[in-house]
Amino acid sequence: MKKYIFLILLPVWIVLSCGEHKPLAGGSDIAIMTLVNDGLWEYIQEDLRSRVEYEIRTPQIEQLFYFSRFEPEDYRQHRNSKLVILIATLDGNDRVSKFIQASLSESLREQVASGERIFFYEYDKFARRQTYMLLLANNREALLEYIKEEGGRAFYQAVNRGFLNSQFEQLYHTAEEKELSDAIFDQFGFSFRFPVDYQLLEMDTARNILLFGRARPQRNILVYWYEGGFNRVIDQEWALRMKYWLMQNMMDRIYVERSYARYRTVEWGGVIVHNIRGLWGHPTKLLGGPFSMFYFYDGVTDRTYIIDCMLFAPGESKAVYLRQMEIIASTFYTAK
């Protein structure tokens, strides 16, 4: 009897409104709470996890996201988590598949049955700062094919976008250091949105270097710029040489572990920005941690900028802190 009552209480997907007063999503920032039956998970997990569970050195190996499975009877406990995914097939007859099928609207079933859609997601569905997702196909073969061809990438993008949106709200929802932002912009023609407790730690106007930071754990954002940009080669080697120079002059002879440097490009408001993630250390002190350095040319100010985010948090998980600093860096602006 309890089983049927529980199924009835499970909200119908996309049909029922959750109301305006939603709780704040809870749980881990990076754990994707996953409801899927054992057989289907065994069939798809290798391909799905390889497209989502990316690793980062901090210096320990941390995952940007990871899957954490739960059972149907624990659904209400995890429904308001920050990241939730339900995975099933329409032809599934096991208890987990039937549990998920019971929550589906007729419209959603028709979209899946016709092959129109397989992946569904909604932000803030049951809780604020939540990403709630559904992977549903006619059968497991169709589901695996979708994951391999495009679904893995689409899934990661939805999860990552939800994570970034949630972290942005967390950083700025109470207040921010607007006076600091305005003062930096008025003096130098660029600035950032600084969350509460960030301060200007050092200013070297002769060498165009600013250092911002906050404590517990120690987070530093160093900014360097020079005029122009087209007459120099701005590549990965140049960026690492510049970081070495900055660390030797501003950060007590800190060095970079070149073998751990990873290069990528990101997009800030339609502008492509270069990024290096890696590890820093100190030659004589027990200091070290991850960094994420952005470098780019800005046509508005006709300058080349380096924004270097560094974290020192011994004994703590560091990936989320580092990504929060990357969010702050992405608020860079040269016009109000």
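Summary of computed values
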| item | result |
| --- | --- |
| Karplus 3J(HN,Hα) series, Hz, for region 294-299 with 6.51 cos²θ - 1.76 cosθ + 1.60 (x for Gly, Pro) | 10, 8, 6, 9, 10, x |
| Net charge of neighbours whose Cβ lies under 14 Å from the Cβ of Q45, counting Lys and Arg as +1 and Asp and Glu as -1 | 0 |
| At R0 = 22 Å, FRET efficiency that the Cβ-Cβ distance of Q199 and E316 yields, to 0.05 | 0.55 |
| Theoretical FRET efficiency, 1/(1+(r/R0)^6), r = Cβ-Cβ of W245 and R49, R0 41 Å, to 0.05 | 0.55 |
| Other-chain or far-sequence residues with amide H under 5 Å of L201's (modelled H) | L211, F212, G213 |
| The chain, helix-only ellipticity at 222 nm - DSSP H runs n ≥ 4, -39,500 (n - 2.57), divided by all residues, nearest 500 | -9500 deg cm²/dmol |
| P(r) tail fraction, region 2-172 - alpha-carbon pairs more than 26 Å apart, % | 26 percent |
| Cα→Cβ-extended label distance, 7 Å offset, between A183 and R264, nm | 3.4 nm |
| Area projected by the alpha carbon convex hull of region 116-176, averaged over all directions, nm² | 4.7 nm² |
| Percent of C-alpha pairs per 5 Å bin, region 178-330, short to long | 2, 8, 19, 23, 23, 16, 7, 2, 0 |
| Over the chain, relative contact order from alpha-carbon pairs under 8 Å, at least 6 apart, % | 15 percent |
| Residue-count net charge about D186 - beta-carbon cut-off 11 Å; Lys, Arg +1, Asp, Glu -1 | -1 |
| Sites K285 and E145, calculated FRET efficiency, Cβ-Cβ separation with R0 41 Å, nearest 0.05 | 0.20 |
| Charge tally in the Cβ shell below 10 Å around F163, where Lys, Arg are +1 and Asp, Glu are -1, F163 excluded | +3 |
| P(r), alpha carbons of the chain - 20 Å bins starting at zero, rounded % | 28, 48, 23, 1 |
| Footprinting exposure proxy for W280, W268 (fewest neighbouring C-beta atoms within 10 Å first) | W268, W280 |
| Placed amide H near L83: partners under 5 Å, 5+ positions off or other chain | M33, T131 |
| Exposure proxy ranking, count of Cβ atoms within 10 Å, fewest first, for K178, K243 | K178, K243 |
| Exposure proxy order (Cβ contacts within 10 Å, fewest to most) of Y156, Y132 | Y156, Y132 |
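No value in this document is a laboratory result; all are computed from the given coordinates. Note that the structure is predicted; figures quoted are calculated from it, not measured. Reconstructed Cβ throughout: ideal geometry from the backbone, glycine too, with neighbour counts over all protein chains shown.
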